[in-house]
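Enquirer: My questions all concern the structure below.
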Amino acid sequence: MVEPAGIGGWLYVVALGLLLSPLRLLAAFVGTLTPVIRDGAWATLTSPDSSAYHPLWATVIVVESLGNLACLLASITLLVLFVKRSSRFPKLFIWVTILTFPYVVLLAWLGSLVLPNEPVIDPTTARQLVSSIVVIGIWVPYMLLSRRVRNTFIA
């Protein structure tokens, strides 16, 4: 019997996610950062003279921006490794997938420090956490156990 190899089967779903991920992350990055820069939100949130000031706003904005940039770079790296069928792809995919969960938790926690009257887990954060758990539960075992993955990413 011939072992499955090459991009096929469930790897098509992974490929689709890898193609869409940089676009989604770029849109989120630009959508989050643009108002902060263009609309003067940075000055409003980080100026001690402002009524919206909190000493941690700058930290929250910088951490979220750098984290989103890191996620964008990771998604592009994963896409390149996938196309090259690199043996490093499955391991990096697993790491990025797993690290998404604590990143979402970190952002929720930081947000709760500057907005203590808001729920720590709002509906958007809840969706992100559930999505992260589902992705970890499905794709990490697939990357670890799939013969197709083992036979495809060998370069």
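The values are calculated or read from the model by the stated rules, or taken from the named source; none is laboratory data. Computed from a prediction, not measured in an experiment: that's the story for all the values here. Cβ placement follows ideal geometry from the backbone for every residue including glycine, while neighbour counts extend to all protein chains displayed. Protein only, heavy atoms only, side chains kept; ligands, DNA and RNA dropped before computing areas. Shrake-Rupley method; radii C 1.70, N 1.55, O 1.52, S 1.80 Å.
Enquirer: Pairs under 8 Å by beta carbon, first residue under 11 Å from Arg147 (Cβ atoms) in segment 1-14, partner assigned to a helix (DSSP H, G or I) and open to solvent by 70 Å² or more (accessible area, probe 1.4 Å), six or more apart or different chains?
Expert: Qualifying pairs under 8 Å: Glu3/Arg147; Pro4/Arg147.
Enquirer: Does Pro48 qualify as being of a type outside the set (S, T, N, Q), in contact with a Pro (Cβ under 9 Å, 6 or more places away or on another chain) and open to solvent by 60 Å² or more (accessible area, probe 1.4 Å)?
Expert: yes
Enquirer: Let me ask something else about it. Name the residue that is most open to solvent (accessible area, probe 1.4 Å), counting only residues in segment 126-140 that are hydrophobic (A, V, I, L, M, F, W, C) and in contact with a helix residue (DSSP H, G or I) (Cβ under 9 Å, 6 or more places away or on another chain).
Expert: The selected residue is Ile133.
Enquirer: If I filter segment 39-61 for residues that are among the hydroxyl-bearing types (Ser, Thr, Tyr), under 12 Å from the mean Cα position of the chain (by Cα) and at negative phi, do I get at least one hit?
Expert: Scanning segment 39-61, I find no residue that is among the hydroxyl-bearing types (Ser, Thr, Tyr), under 12 Å from the mean Cα position of the chain (by Cα) and at negative phi, so the answer is no.
Enquirer: For segment 62-155, list the helices (runs of 4 or more DSSP H) that sit wholly inside it and hold at least 1 residues that are at pLDDT 95 or above and closer than 23 Å to Leu23 by Cα; which are they?
Expert: 89-114, 123-145
Enquirer: If you don't mind, another one. For segment 42-61, how many residues are touching a helix residue (DSSP H, G or I) at 6+ places or on another chain (Cβ under 8 Å) and either part of a helix (DSSP H, G or I) or farther than 20 Å from Asn117 by Cβ (or both)?
Expert: Counting residues in segment 42-61 that are touching a helix residue (DSSP H, G or I) at 6+ places or on another chain (Cβ under 8 Å) and either part of a helix (DSSP H, G or I) or farther than 20 Å from Asn117 by Cβ (or both) gives 8.
Enquirer: For segment 1-38, how many residues meet the condition of being open to solvent by 60 Å² or more (accessible area, probe 1.4 Å), under 16 Å from the mean Cα position of the chain (by Cα) and not small (Gly, Ala, Ser)?
Expert: 7
Enquirer: Now, a different point. Being surrounded by 13 or more Cβ atoms within 10 Å (Cβ to Cβ) and among the charged types (D, E, K, R) is the filter; apply it to segment 86-125 and report the residue that is farthest from Val149 (Cα to Cα).
Expert: It comes out as Asp122.
Enquirer: If Thr100 satisfies all but one of (1) closer than 23 Å to Tyr12 by Cβ; (2) of a type in the set (Val, Ile, Thr); (3) more than 12 Å from the chain's Cα centre (by Cα), what's the number of the condition it fails?
Expert: (3)
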